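The block underneath contains the structure these notes are about, expressed in structure tokens.
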Amino acid sequence: MQPVNSSRFLRPMLAAMLPIVAGILQWIFWSTLRPFVWFLFYPAVFLSSWIGGFSGGLAATIISAPLVVFFFIPPQLAFAVESPENLYSVIVFIGMGILFSFTHERLQKTTTQAREALSAARHANDQLQEANEKTTTIEFLRLVSESTDTRDLICKVTSYFQQQSGCDAVGVRLRDGDDYPYFEARGFPPEFVLAENQLCLRNNAGQVIRDNEGSPVLECMCGNVISGRFNPSKSFFTVHGSFWSNSTTELLATTTEADRQARTRNRCNGAGYESVALLPLRLGAQRLGLLQLNDHRKAMFSPENIGFWERLADHLAVALAKFRADEAVRASEERYRHTLDHMMEGCQIIDFDWRYIYVNDAAAAQGHRQPAELLGHTMTEMYPGIEYTPLFAVLRRCMQERLPHHMENEFTYPDGAVGQFELSIQPVPEGIFILSVDITERKRAEEEIRQLNEQLERRVAERTAQLQAANQELEAFSYSVSHDLRAPLRAIDGFTRILLEDHEPSLDMEGKRVCHVVRNETRRMGKLIDELLAFSRLNRAEMQSSPIDMVALAHAVFDELTTPETRKRIDLHMGVLPADAGDPTLIRQVWTNLLSNALKFSSKRERAVIEVGSTASDGEIIYSVRDNGAGFDMEYADKLFGVFQRLHSEREFEGTGVGLAIVQRVVHRHAGRVWGEGAVDQGATFYFALPRKGERP
């Protein structure tokens, strides 16, 4: 069903209405228009024929003639014509109306034919332009497909654009770091290229100025196009962000920097280029650079060819991105191949036909081959019988199931030699990749170490047996010291006591003194034996580690070593003592020996001062006991912790010389350290450091 054309009926109706309107107006103003009876009807018929064509004009003529005869030709209000002149005027009017109608009908048909011809010409021109554009695009894409790399592509494309556009100069800018220098420029003077090569805005020190987002600020109109700074409402920008002008002189005279979106350098205009087009190389939202077309002549561009150049620039951006991606892949492959070639580990790639397609020197050497011998050949060709080995079964499983595998393999060479290899097998698109490490020497060393360990274990067992025997002898010795030596000492002490009690009247003063000396030395000998036995038991005692409250322990030991009377002359300063872990019994012995030493050597002071404190350092806690007693000479500090080593005589301070040796032995068993500092008659400080809780080895 054809749609109804409303103008087909509207135009004739309007044409028919015009004579009626003319008749009404003429009747209203008849007194003024008399005697011009056809005054408004000729224009009405003329307009009706112009609006409605032949039918409209004829209808207006048919309507107008009776109206004039009836209303305006005497006798009025009657269809009668008395005068021959009036009759002639009616005939002439009808003839002119038919002539107007026919003429306008022909004019309308001619106009319609002209419009149709013009439309056909435009359509043909569009088809021709489209065909030319397709041909040009195909030629452009052919150049792209024939290019070998990015440089070849840009060189060919730049030459092609210069030829197709007819411009004096063509350039392509591509990103290089932060800037967009000319990758290729044809037709530009060298000094122009040098001056325009950099787009980055720089400070006085030559450093690139960046925006708030860290991106470099690009100058000039080229920077606008690359950065996407454009206003599509301006006639010199396109909706895709391209810039073009057919007269840069006029553009600069009629616009401001704000209109152009940035500070421009105007070097193109300064070099005499009137026609300038800057087209972004767009890849989605990304801009890879721009295509620049310059000519000294004016009016080189139109919106149509700028749109066409934009489409070609988009094709160029896609091709450029592909070439760069391919080049990056090739460079990466070359880099990895170079890395694989020089690896100490063996690397080989085997395809799905079990053919070697890559072997580095290390892998070939592991198989006692050269890479050239293996490449292109199958594993079964190079190593007959390998398909029956457990290794080949693993390789087949990895090839089929595409799962990685790690294993050790023993390989027997044709000459009977044996090699041990650690293999990492990975599926790759080409087949499987095998990374092999020669562990023959490592296995040999491991076997030697295993044999040495067995020998060491035998020796340890032998030495353990010897040590157990020595311990048994030591225990026997300790028993002898504890019982066999104590009995004579008790006898000597007993007989001396009897001598003093029963024969005291017979003894003079010297005899009594000697008897007292014997008894004192006997008791001292017993104490030495006790200290020696305690020292010997330290290494044999099993340690029981548990948390220790050092403050409570130090206070308890101090209270045991002193009486209420002696505490009156002692100033004890107990600082912060962090808790730690250790054997409570052994650590108690440390505090006992250090505090008793401090009490003993400060006993001759009128006011004894003892300070107990701690510091933390490098994963350990350092405890200290300081006194204001006799002190010692640091020259002999290395003797402090030796058994029976004394820096003071028995007459000055009693003791056995074993206490500090016990302290050192206990602290060492706790993986700690001990030392002392002092000066003669200025007191001494003894330190012992223990690893922090949880950090003890």
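The values are calculated or read from the model by the stated rules, or taken from the named source; none is laboratory data. Bear in mind the structure is a predicted one, so any value in this text is a computation, not a measurement. All Cβ positions, even for glycine, are placed from backbone atoms using ideal geometry, and neighbour counts span all protein chains on display. The area values use the complete protein model at the heavy-atom level, side chains included, leaving out ligands, DNA and RNA. Shrake-Rupley method; radii C 1.70, N 1.55, O 1.52, S 1.80 Å.
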With a 1.4 Å probe and every protein chain left in place, tell me how much accessible area W244 has, in Å² to the nearest 10. 50
Binned Cα-Cα distances of segment 128-193, short to long, each 5 Å bin given as a whole percent: 4, 15, 21, 22, 18, 11, 6, 2, 0
Using modelled backbone amide H atoms (1.01 Å from N, in-plane), which distant-in-sequence or interchain residues come within less than 5 Å of I621's amide H? L690, R692
What accessible area per residue, rounded to a whole number of Å², is obtained for the chain using a probe radius of 1.4 Å? 57
Considering amide H positions built from the backbone, and no H for Pro or chain starts, which residues 5 or more places from Y358, or on another chain, come under 5 Å of its amide H? I349
I'd like the orientation of helix 440-479 relative to the chain: the angle between its Cα long axis and the longest Cα principal axis, in ° from 0 to 90, rounded to 10. 30
Roughly how many percent of the accessible protein surface of segment 222-367 is carbon and sulfur, given a 1.4 Å probe and a whole-percent answer? 55
What percentages make up the Cα-Cα pair-distance distribution of segment 202-309 when the bins are 10 Å wide from 0? 14, 47, 31, 9, 0
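When DSSP assigns beta bridges and you keep just the ones with both residues in the chain, what percent turn out antiparallel, to the nearest 5? Don't skip to the answer; put the middle values down first.
On the way: 78 of 83 bridges.
Roughly 95 percent of the DSSP beta bridges within the chain come out antiparallel.
First measure r as the distance between the Cβ atoms of A195 and L252, then evaluate 1/(1 + (r/R0)^6) with R0 = 22 Å and state the FRET efficiency to the nearest 0.05. Write down the numbers at each step before the final one.
Working: r = 18 Å, r/R0 = 0.80.
Step by step, r from the Cβ atoms, then E = 0.80.
Tell me the Kirkwood radius of segment 78-237: reciprocal of the mean inverse pair distance over distinct alpha-carbon atoms, in Å. It would help to have the intermediate numbers written out before the result.
Working: mean 1/r = 0.0441 Å⁻¹.
So the Kirkwood estimate lands at 22.7 Å.
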Compute the distance in nm between two label points, each set 7 Å from the Cα along the Cα-to-Cβ direction, one at D211 and one at T615. 5.9
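Could you check how much of the accessible area of segment 394-434 is carbon and sulfur, as a whole percent, using a 1.4 Å probe?
On the way: 1190 of 2300 Å².
Carbon-and-sulfur percentage of accessible area, whole number: 52.
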Using 0.36 nm per residue, how much length does the chain from E139 to M574 gain when fully extended, once their Cα-Cα distance is taken away? 146.9 nm
What are the residues whose amide H is under 5 Å from the amide H of C200, where those residues sit 5 or more places off or on another chain and H is modelled from the backbone? Y180, E219
Surface/4 estimate of mean projected area, convex hull on alpha-carbon atoms of segment 253-315, nm²: 5.2
Carbon/sulfur accessible area of segment 135-179, % of total, 1.4 Å probe, equals 46
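Can you tell me how much longer the chain between H123 and Q451 gets when fully stretched, taken as 0.36 nm per residue apart minus their C-alpha distance, in nm with one decimal? Mind dumping the intermediate values first?
Numbers: separation 328, 0.36 × 328 = 118.08 nm, distance 9.68 nm.
Result for the pair: 108.4 nm of gain on full extension.
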E184: accessible area at probe 1.4 Å, nearest 10 Å²? 30
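Compute the FRET efficiency between D178 and R324 as 1/(1 + (r/R0)^6), taking r as their Cβ-Cβ distance and R0 = 25 Å, and round to the nearest 0.05. Please report the intermediate quantities before stating the final value.
Numbers: r = 17 Å, r/R0 = 0.70.
For D178 and R324, the calculated efficiency is 0.90.
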May I ask you to evaluate 6.51 cos²θ - 1.76 cosθ + 1.60, the Karplus curve with θ = phi - 60°, for each residue of segment 10-27 and list the ³J(HN,Hα) values in order in whole Hz, giving x for glycine and proline? 5, 5, x, 5, 5, 4, 6, 6, 4, x, 5, 4, 4, x, 5, 4, 5, 5
Spelling out what I want: for every residue of segment 290-295, take phi, set θ = phi - 60°, compute 6.51 cos²θ - 1.76 cosθ + 1.60 (Karplus), and round to whole Hz; glycine and proline get x. 8, 10, 10, 10, 10, 8
Computed from the mean reciprocal separation of all distinct C-alpha pairs, what Kirkwood hydrodynamic radius does segment 81-170 have, in Å? 19.0
Reported to the nearest 10 Å², F54 has, with a 1.4 Å probe, an accessible area equal to 80
Estimated dipole of the chain in Debye, rounded to 20 [Cβ of Lys and Arg +1, of Asp and Glu -1, Cα centre]: 2600
In the chain, if every C-alpha pair distance is counted and binned at 10 Å from zero, what percent goes to each bin? 2, 9, 9, 7, 6, 8, 9, 9, 9, 7, 5, 4, 4, 3, 3, 2, 1, 1, 0, 0, 0
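What are the semi-axes of the equivalent ellipsoid of segment 154-244, taken as the square roots of 5 times the eigenvalues of the Cα gyration tensor, listed largest first and rounded to whole Å? Provide the component values of the computation, followed by the final result.
On the way: eigenvalues 119, 71, 24 Å².
The equivalent ellipsoid of segment 154-244 has semi-axes of 24, 19, 11 Å.
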Per the charge dipole of segment 363-469 (beta-carbon charges, Lys/Arg positive, Asp/Glu negative, Cα centre), the residue among A445, A364, M399 reaching farthest to the positive end is A445
How far, in nm, would the chain grow between H296 and R115 when pulled straight, counting 0.36 nm per residue and subtracting the alpha carbon separation? 61.4 nm
Rh (Kirkwood, all Cα-Cα pairs) for segment 394-448, Å, reads 12.4
Cα-based Debye curve of segment 321-446 sampled at q = 0.13, 0.14, 0.16 Å⁻¹ gives log₁₀ I(q)/I(0) of -0.56, -0.64, -0.82
With a ≥ b ≥ c from the Cα gyration tensor eigenvalues, square-rooted, and the rule rounded for a/c under 1.5, otherwise prolate when a/b > b/c and oblate otherwise, segment 313-355 is oblate
When the label point is put 7 Å from the Cα of V21 along its Cα-to-beta-carbon vector, which residues of segment 36-58 have a backbone N closer than 17 Å? 39-53, 56-58
May I ask you to evaluate 6.51 cos²θ - 1.76 cosθ + 1.60, the Karplus curve with θ = phi - 60°, for each residue of segment 613-622 and list the ³J(HN,Hα) values in order in whole Hz, giving x for glycine and proline? x, 7, 9, 10, 7, 6, x, 9, 10, 9
For a protection proxy built on the mean count of beta-carbon atoms within 10 angstrom, sort 389-399, 591-601, 167-177 highest first, please. 591-601, 167-177, 389-399
Relative contact order for the chain: what is it in percent, counting Cα pairs under 8 Å that are at least 6 residues apart? 5
Can you find, among L435, F71, S119, the residue sitting farthest towards the positive end of the charge dipole of the chain, where Lys and Arg contribute +1 and Asp and Glu -1 at Cβ? F71
